[in-house]
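Since the structure comes first, as structure tokens, the remarks are kept for the end.
The values are calculated or read from the model by the stated rules, or taken from the named source; none is laboratory data. Owing to the predicted nature of the structure, the values given are computational and were not obtained by experimental measurement. Cβ atoms come from the backbone with ideal geometry, glycine included; neighbour counts cover every protein chain shown. The protein model used for the area step is the full one, side chains on, heavy atoms only, and it has no ligands, DNA or RNA in it. Shrake-Rupley method; radii C 1.70, N 1.55, O 1.52, S 1.80 Å.
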Amino acid sequence: MDTSALLDLCRAQGLKLGTAESCTGGMVGAWLTEVPGSSDVFDRGFITYSNAAKQDMLGVQKATLDTYGAVSEQVAAEMAVGALARSQADITVSITGIAGPGGSEHKPEGRVCFGLAHGDIIHVETQEFGALGRDKVRAAAAKHALMLLTQGAEARSVQA
């Protein structure tokens, strides 16, 4: 994923980005900030690995966590919306998943849920990366999140 192209697209539109990461532990934010000058586009990242952090930092509801679990589209949506509300970002992406090792019959290793929030639009999706190993699942999830941010920025340019 070309982070420079994403940053240039956002820069041209005056858009700020934000992240809310769980299983990737800040990887998306790290990749974005590897690019010199990214501070004019990347506002902030929230690393909310624990359920308490998701609640405290992003406003994820305890009832949502209790009902659906941390690895769910419902939590991913609340994470993305919470990051949008608690930042200066115009577009936020959230990531919550099971990088491994392990998982369960209902939530297998490699399942990652994503949220994308911009304006009044909230998009959620789940990707099944499979039991690739922790490092590969995390990298695949981070790459997918960058693709979602790019799609969100492109959608914003069409709306403008």
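In this Cβ point-charge picture (+1 for Lys and Arg, -1 for Asp and Glu), the chain has a dipole of about 200 debye about its Cα centre.
Hydropathy first: keep DSSP H helices in the chain averaging at least -1.0 on Kyte-Doolittle, then drop any whose Cα extent along the axis falls short of 27 Å, and list what survives. Length and hydropathy pass: 134-159. For the range 86-147, the set of GluC sites (Glu not before Pro) satisfying both a DSSP loop assignment and a count of at most 13 other C-beta atoms within 10 Å is given as E105. With R₀ set to 25 Å, the beta-carbon distance separating Y68 from A30 gives a calculated FRET efficiency near 0.35.
Per residue, the chain exposes an accessible area of 45 Å² to a 1.4 Å probe, with every protein chain left in place. The residues packed around K54, meaning those with a beta-carbon under 15 Å from its beta-carbon, carry a net charge of -3 if Lys and Arg are +1 and Asp and Glu are -1. Of all lysines in the structure, the ones whose alpha carbon falls short of 30 Å from that of K16, not counting any fewer than 8 places away in one chain, are K54, K62, K136, K143. Charged neighbours of L84, selected by a Cβ distance under 12 Å, balance to -1 (K, R count +1; D, E count -1).
Largest mean-square fluctuation among R111, R44, R11, in a Gaussian network model of the chain whose springs join Cα atoms under 10 Å apart, belongs to R11.
Just check the range 88-160 against the gyration tensor rule for me: Cα atoms, a ≥ b ≥ c as the square roots of the eigenvalues, rounded for a/c under 1.5, and otherwise prolate or oblate depending on whether a/b exceeds b/c. Prolate, because a/c is 1.5 or more and a/b exceeds b/c.
With the highest mean first, a sort of the peptides 88-95, 148-155 on other beta-carbon atoms found within 10 angstrom per residue produces 88-95, 148-155.
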